[in-house]
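Just so you know, all these numbers are worked out from the coordinates, no wet-lab data involved. Just so it is clear, the structure is predicted and the values come from calculations on it, not from any experiment. For neighbour counting, all protein chains shown are included, and Cβ atoms are generated from backbone atoms with ideal geometry for every residue, glycine included.
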Amino acid sequence: MSNRRTFAIISHPDAGKTTLTEKLLLQGGAIHLAGQVKARGQARRARSDWMKIEQQRGISVTSSVMTFEKDGITFNLLDTPGHEDFSEDTYRTLTAVDSAIMVIDAAKGIEPQTRKLFEVCRLRSVPIITFVNKVDREGRPVFETLDEVADALALDVVPMSWPVGMGGQFQGVLDLATNKVSRPEGDSREFLGKVDEAPELPADIAEEIELAQVGYPEFDIEAYRHGDLTPVYFGSALKNFGVAELIDAIARFAPPPRPQPSEQGTIMPENKEVTGFIFKVQANMDPMHRDRIAFMRLVSGTFKRGMKLTPSGLGKPIAVHSPILFFAQDREIADSAEPGDIIGIPNHGTLRVGDTLSEANKVRFTGLPNFAPEILRRVALKDPTKTKQLRKALDDLSEEGVIQVFYPEIGAQWIVGVVGQLQLEVLISRLEAEYKVEAMLEPAPFDTARWLKGSDAALKGFVDFNKSNLAKDRDGDPVFLARSAWDVNYQQERNPELTFSATKER
Ligand code: G4P
């Protein structure tokens, strides 16, 4: 079986994703100093002008890939932007993982961002391991947290460990399978390896655990892999509790690289032919050069450096001479990669999100959708002679997945759509820095967009009747711009022969 585990961490800001990432990498021997994850982020940010926003707001807009090894397993951790306001990048990154860790703050429970990201995971049946963080602090009662996860996310929950007190009362974490307690040590009250094999538990905790053992189902790996059940671990990323258990859980339970649906049927990871898909494109550091890194998830075959692969969007093969594997410390040139691995392919804009790459150019992967924008804005130019540059820029940036662009059937003002406010700031800043276009964003009279599908006759009938609400996207496909969700439902009911889709697959 494959020794790859490709996963992401989903959480609300401040729940502890960065701290946990650091600790996972430390355990995997990928970095040697705590604090490196943030430091590395800063070094990267300093390299690029257009990433000014990141500096100003102290956040990372772009996500990256971190690879580490432990006990013969290679872990690929795909980072998702850790900001309240998220973008399509985040969604798309989740299309390239096989499982996720959901980090929640023991005192706060499920927060809005966790829920949103969880929904994306559910859409794709991505299995979730839950990590309840910060048990070294005062938190909510354990049962309350477990029940909240079960109720809010409609999942079966199975506690795999149990905190022995929290906050001032914190005495360690009990592993329910082995009945051992990891104990805090020294002034820092960290976990430094001290394990109590035959623990005496405080009476109230012993009682809780007895209740839990009858109240929750047994762990069932199939139900977990199906996305119906989540094992729940308690710990403290800061104090290193529960981190080794988490790595162990991913190694033992998380699914190896999955088969990927394609127009030609399901592609198995064991297939000999090298295939993969692009889930993210990132502009490179120098805004003057249109260099980009396309992130490809390998689906099948063993990739070797220098191999020729054909991108579905291009039709002719490209030689991949300098692929990049993203190790936590630095980038390394990849000589080979296996299914589940991510490789970065430098290119000049030829590779687009959603592209399939393959040796024989006969496969087209499906399931890499665009997501309906939640915010729509009109783009207005300060200098009206710059229309051509603006069109070029909007096309480029939509290819890269920074925004979606819609060209209305009526009127000359173009509309951009995003799922998070931050994408708009990135847009304005990049238009100025890279295309010398000064633009303003104005409210659009629309609230959301739906891709239209149906027979030519049905489409034509609808289009003729609703011109003022219609637009074409970057690929020329018809889009219904709706004033409200109600509007979408109303039109859907009146036009049952059409589908109004919230996602679009290229
Ligand atoms: P994020 O990436 O999810 O946004 O969270 P991050 O890891 O940055 O953690 C947010 C804050 O919570 C940090 O404190 C961090 O030290 C703290 N934290 C993370 N895990 C734990 C834990 O297990 N226990 C406790 N007690 N605290 C934890 P900060 O003061 O906001 O940031 P910093 O400047 O000290 O890094």
Practice item. Please get the size of the charge dipole for the chain, origin at its Cα centre, with Cβ charges of +1 on Lys and Arg and -1 on Asp and Glu, quoted in debye to the nearest 20. Key: 2320 debye
Revision key, fill the gap. Loop-resident trypsin sites (Lys or Arg not before Pro) in the range 399-455 with no more than 15 other Cβ atoms inside 10 Å, DSSP not H/G/I/E/B, are 436
Point to revise | Cβ-derived FRET efficiency at R0 25 Å, residue 374 paired with residue 436, nearest 0.05 | key: 0.30
**Study point:** FRET efficiency, residue 195 to residue 111 (Cβ-Cβ, R0 30 Å, nearest 0.05)
**Key:** 0.40
**Study point:** Extension reserve of the residue 453-residue 207 stretch, reckoned as 0.36 nm per residue once the Cα distance is removed
**Key:** 82.8 nm
Study note, to complete from the structure: Calc'd 3J(HN,Hα), the range 139-146, phi into Karplus 6.51 cos²θ - 1.76 cosθ + 1.60 (θ = phi - 60°), Hz, glycine/Pro = x, comes to x, 6, x, 4, 4, 4, 5, 4
Practice item. On a 0 to 90° scale, report how tilted helix 112-123 is relative to the longest principal axis of the chain, with both axes built from alpha carbons and the result rounded to the nearest 10. Key: 80 degrees
Check your understanding: So which of 308/392; 134/194; 316/472; 280/453; 17/116; 382/436 end up more than 21 Å apart, counting from Cα to Cα?
Key -> 308/392; 316/472; 280/453
Practice item. Report relative contact order for the chain in percent, whole number only (criteria: Cα-Cα under 8 Å, sequence separation at least 6). Key: 14 percent
Exercise for review: Apply the Karplus parameterisation 6.51 cos²θ - 1.76 cosθ + 1.60, with θ equal to phi minus 60°, to every residue of the range 492-501 and state each ³J(HN,Hα) to the nearest whole Hz, in sequence, with x for glycine and proline.
Suggested key: 5, 5, 6, 10, x, 7, 10, 9, 10, 9
Check your understanding: Which of the chymotrypsin sites (Phe, Trp or Tyr not before Pro) found in the range 191-242 are loop residues per DSSP with 15 or fewer other Cβ atoms within 10 Å of their Cβ?
Key -> none
Revision key, fill the gap. For the chain, longest principal axis from Cα atoms; helix 203-215 axis from its Cα atoms; angle between them, nearest 10 degrees, is 50 degrees
Check your understanding: Which residue, chosen from 167, 275, 96, occupies the Cα position most advanced towards the positive end of the dipole of the chain, where the dipole is computed from +1 (Lys, Arg) and -1 (Asp, Glu) charges on Cβ about the Cα centre?
Key -> 275
Check your understanding: Which whole-number percentage describes the relative contact order of the range 80-200, with Cα contacts under 8 Å and a sequence gap of 6 or more?
Key -> 16 percent
Point to revise | C-alpha long axis of helix 421-435 to longest principal axis of the chain, angle in ° | key: 50 degrees
Revision key, fill the gap. The set of residues whose placed amide H lies less than 5 Å from the amide H of residue 310, leaving out same-chain residues fewer than 5 positions away, is 318, 358, 359, 361
Exercise for review: Work out from phi, with θ = phi - 60° and the Karplus expression 6.51 cos²θ - 1.76 cosθ + 1.60, the ³J(HN,Hα) of each residue of the range 460-470, listed in order in whole Hz, and give x for Gly and Pro.
Suggested key: 4, x, 5, 4, 4, 7, 10, 3, 5, 10, 10
Study note, to complete from the structure: Once the dipole of the chain is set up from charges on Cβ (+1 Lys and Arg, -1 Asp and Glu), the residue from the list 113, 68, 445 lying farthest towards its positive end is 445
Review point. Computed FRET efficiency, Cβ-Cβ of residue 218 and residue 143, R0 25 Å: what is it to the nearest 0.05?
Key: 0.90
Point to revise | For residue 482, distant residues with modelled amide H under 5 Å away | key: 447, 448, 449, 450
Revision key, fill the gap. Under 5 Å from the placed amide H of residue 241, counting only residues 5+ away or on other chains, we find 191, 236
Exercise for review: Return the percentage of antiparallel bridges among DSSP beta bridges fully within the chain, rounded to the nearest 5 %.
Suggested key: 75 percent
